[in-house]
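Let me begin by presenting the structure, written as structure tokens, before commenting on it.
The values are calculated or read from the model by the stated rules, or taken from the named source; none is laboratory data. What you are looking at is a predicted structure, and each value in this text was computed from that prediction instead of being measured. Glycine gets a Cβ as well: all are built from the backbone with ideal geometry, and neighbour counts include every protein chain shown.
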Amino acid sequence: MLPEPFLEILSQTIDGQWLDSVIDSFYSPKDISFFTNPFLEAQDRTLAELASLHLSPTPLCFTTNAFSVPWQAREMLTASAAFNQGKIYICTPSSLLPPLLLAPRPGETVLDLAAAPGGKTIRIAQHMENWGHISAVEPIKDRFFRLNANLKKYSVKIARTYLKDGRTVGRLCQGRFDKTLLDAPCSSEARFKAFEPKSWQHWSMRKVKEMARKQAGLLESAVKSTKPDGEILYCTCSFSPEENELIVNRTLHIFGEKLEVMPIELPKNLPNCQKGIIKWQAKELDPRLESAVRILPNKLMDGLFICRLKKIAS
Ligand code: SAM
């Protein structure tokens with residue numbers, strides 16, 4: 001049984017029409033998704049290699065070069081040469097949305113402020129066709145080494161990595177980046193599985209508050225690091241407003257007129273989403289937060305909060 005205070009958060013934040021299906025989604029394993037790696041192998045060849053293992057992946061409807069297979073095929077996929085040689089990267093489909101919505105272009109300068117193990121850095125490099133510059137930051141040593149290993153394995157040529165606390169970057173690199181992704185460390189509520197108690201046993205409201213303190217410092221740093229006219233994409237895989245709308249609300253308050261909340265145009269075929277919330281426990285939030293998006297979990301996708309900000313040129 002999932003923790004009661006967590007279920008309470010779901011019931012207070014999720015539209016009634018979705019609530020039962022959202023709770024059900026925690027009770028069954030999700031299909032496995034992956035994206036292919038054009039830097040190493042043409043997609044047709046990778047798919048042919050998987051077909052020879054009797055895997056017939058279904059394309060994801062909302063982005064390119066990404067597929068899913070039934071969850072029972074997980075072991076076959078992770079044991080495949082394609083996976084071990086870096087021709088595919090296994091990820092949750094929701095994790096493909098932040099790079100897609102950040103929309104980095106070839107030649108741009110991009111900051112990935114909380115980068116390990118590197119799935120989104122790799123995807124950003126794919127959007128940039130391995131041309132431009134990515135700075136990828138991670139403060140935890142073993143995760144930093146894993147990030148480096150993954151960037152090498154997936155042939156990302158345009159990333160430099162930094163073993164650093166992301167909260168220091170805004171001061172060190174003011175106004176340097178065209179685009180910044182903050183895929184913030186969070187209480188990972190979207191990763192809970194009712195059938196795996198260890199997925200939620202360390203969760204508590206205290207943990208949510210501890211994460212919120214860190215996220216606030218990181219988002220401030222992300223905004224400072226970004227060029228005027230540049231964009232920041234903030235996301236977490238948590239449902240608690242304390243880690244999502246309240247963090248952005250605080251940041252909007254600090255930066256005032258210098259920040260705008262941008263509309264998010266989601267790919268078609270994604271019905272499982274709702275607007276950001278603008279009232280939490282009697283606190284009225286900035287109404288622009290309605291432009292944030294909450295992706296709701298279903299059989300395929302994990303929950304995700306996304307907000308796009310633009311730094312206004314002064
Ligand atoms: N973007 C990654 C990906 O797609 O593979 C996942 C990032 S994960 C949600 C958050 C990361 O932030 C973790 O690797 C965590 O170690 C890192 N982190 C924790 N504290 C941080 C800090 N102060 N500054 C930057 N990153 C931090």
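Observations
- Residue in segment 32-39 that is within 23 Å of Ser188 (Cβ to Cβ) and of a type outside the set (Phe, Trp, Tyr) present: yes
- Subset of segment 181-204 [among the hydrophobic types (A, V, I, L, M, F, W, C) and surrounded by 15 or more Cβ atoms within 10 Å (Cβ to Cβ)]: Leu181, Leu182, Ala184, Cys186, Ala190, Phe192, Ala194, Trp200, Trp203
- Subset of segment 205-236 [buried (at least 24 other Cβ atoms within 10 Å of the Cβ) and within 26 Å of Ser28 (Cβ to Cβ)]: Cys235, Thr236
- Residues located in segment 13-26, provided they are in a helix (DSSP H, G or I) and either in contact with a strand residue (DSSP E or B) (Cβ under 6 Å, 6 or more places away or on another chain) or in contact (Cβ under 8 Å) with a residue 12 or more places away in the chain (or both): Thr13, Trp18, Ser21, Val22, Ile23, Ser25
- A search for C-beta distances below 8 Å between a residue of segment 169-195 that is under 19 Å from Ala116 (Cβ atoms) and touching a residue at least 12 places away in the same chain (Cβ under 8 Å) and any residue that is buried (at least 23 other Cβ atoms within 10 Å of the Cβ) and among the basic types (Lys, Arg), counting only pairs 6+ apart in sequence or on different chains, returns Leu181/Lys120; Asp183/Lys120.
- Taken over segment 275-289, the residue count meeting the criterion of being more than 14 Å from Ser240 (Cα to Cα) and either crowded, with 16+ Cβ neighbours inside 10 Å or touching a Phe, Trp or Tyr at 6+ places or on another chain (Cβ under 7 Å) (or both) is 4.
- Any pair with Cβ under 9 angstrom, 6 or more apart, that starts in segment 86-99 at a residue that is on the phi > 0 side of the Ramachandran plot and in contact (Cβ under 8 Å) with a residue 24 or more places away in the chain and ends at one that is more than 10 Å from the ligand (Cβ to nearest atom) and not in a helix (DSSP H, G or I): Gly86/Asn37; Gly86/Phe39; Gly86/Leu40; Gly86/Glu41; Gly86/Tyr154; Gly86/Ser155
- Taking first residues from segment 127-146 that are more than 9 Å from the ligand (Cβ to nearest atom) and partners that are in a loop (DSSP other than H, G, I, E, B) and of a type in the set (S, T, N, Q), the Cβ contacts under 9 Å between residues at least 6 apart in sequence or on separate chains come to Asn130/Ser155.
- Test: residue in segment 27-44 that is assigned to a helix (DSSP H, G or I) and at pLDDT 95 or above: yes
- Of residues in segment 147-180 being more than 9 Å from the ligand (Cβ to nearest atom) and part of a helix (DSSP H, G or I), the one surrounded by the fewest Cβ atoms within 10 Å (Cβ to Cβ): Arg171
- Total residues in segment 191-222, condition farther than 30 Å from Gly132 by Cβ and outside any loop (DSSP other than H, G, I, E, B): 13
- Residues that are surrounded by fewer than 16 Cβ atoms within 10 Å (Cβ to Cβ), in contact with a strand residue (DSSP E or B) (Cβ under 9 Å, 6 or more places away or on another chain) and not in a loop (DSSP other than H, G, I, E, B) occur at least once in segment 89-107.
- The residue of segment 108-121 that is farthest from Lys179 (Cα to Cα), among those that are in a loop (DSSP other than H, G, I, E, B) and near the ligand (Cβ under 7 Å from one of its atoms), is Pro117.
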